Each structure stands twice: as C-alpha cells, then as structure tokens.
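One structure is given below, encoded as structure tokens.
The values are calculated or read from the model by the stated rules, or taken from the named source; none is laboratory data. None of the values given here were measured: they were computed from a predicted structure. A quick note on method: Cβ atoms are made from the backbone with ideal geometry, for glycine too, and the neighbour counts reach across all protein chains shown. All accessible areas refer to the heavy atoms of the entire protein, side chains included, with ligands and DNA or RNA removed. Shrake-Rupley method; radii C 1.70, N 1.55, O 1.52, S 1.80 Å.
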Amino acid sequence: MHLSYKHSYPASSDEVVALMANPDFISDVAEHAGATSHDVRIEGRTTHMEMALVAPNDIRKFVGNTIHVTEALTWGDPDARGVRHGNIEFSVAGLPVNVNADAVLSPTGPASCLATYEGDLNVKIPLVGKKVESLVAPSIDDAFAGLERRAIHWLTS
C-alpha cells in the first residue's frame, strides 16, 4: 500500500533535523503515541526508537494485545539548495509488517521547511496481507500525524 505524507515545519531544515535527533523529543513522540515503554538511541545520522504499544482493536486478533514497533529515521547532508534526503523505516517485531519511505526535507523560507515522505506499507501474510494493510494503515497515518504535531509543538514552544 502506497503512503504519502507532507509536513510543514516552522523552522529551518537544520533545526528540524536536530530536533529529530533529540532523544527527549523522540521520547515525547513515543509518549504521545501511547507507548507503554520505549527506548531511544542515536547512532550517527540515524535516530532509532523501539516502543511497545497497545495494539489497535482491529488488529488484535492478528497480533495480540501489544505490538513492538521499531523505527529508524536517517537524514543526509543538505545539498547546495539546502535539501536533505533521508529514509524512515518502521517494523513490527515478529510480524512481516514494515514501512519504508523516502524522505525529503526542503527549505521553503529562512525559517520554514517541508518534509515529504513517500513509501510503502507492506504486510507479507498470504491471503490476508492486503486486509491487514488496510487495518494497519490508520495507525501509520496517526504515527506520521503525531510526529508532525509534536514537532510543531516543540519548534514553537
């Protein structure tokens, strides 16, 4: 299933990249997502987060009451126009569910930028994979919306 998101941030792309590599910010995102536990680590240009979440009602019959999600977000250096390319990946432990999206962070002004995420949600379960994708997609939408909401809060506070 194809995914596409656009986030507008009231900050420079450098500030957004720094925010997304801030363990306190990533912890805040996890807490606002309803994580029952989480771990954040920064390795070079990649921000890693692992969290346990209460499984959405629609998918509990497939995954149980709790899901363990891992996320990795990487941003590259800016090019001559200040555009940064990156990648974001989500996976669910023990399940053939993953999201892989290319990310582009583009300046739109001296103190604003636009992040675009284009990628795919894949559930590799014979016969029911497409059904599970449609059940998981709203949670992925919520995760991306939550990232934007929390970033805007942090950038304007």
Exercise for review: Read through the list (1) farther than 22 Å from Val136 by Cβ; (2) open to solvent by 60 Å² or more (accessible area, probe 1.4 Å); (3) part of a strand (DSSP E or B); (4) of a type outside the set (Asp, Glu), then give the number of the only condition that Ala18 fails.
Suggested key: (3)
Study note, to complete from the structure: Apart from one, (1) in a strand (DSSP E or B); (2) closer than 21 Å to His153 by Cβ all hold for Asp24; the odd one out is (1)
Practice item. Test Gly129 against the stated conditions and say whether it is of a type outside the set (A, V, I, L, M, F, W, C) and touching a strand residue (DSSP E or B) at 6+ places or on another chain (Cβ under 9 Å). Key: yes
Practice item. Those residues that are small (Gly, Ala, Ser), closer than 30 Å to Thr108 by Cα and open to solvent by 30 Å² or more (accessible area, probe 1.4 Å), I need them from the range 30-40; list them, please. Key: Ala33
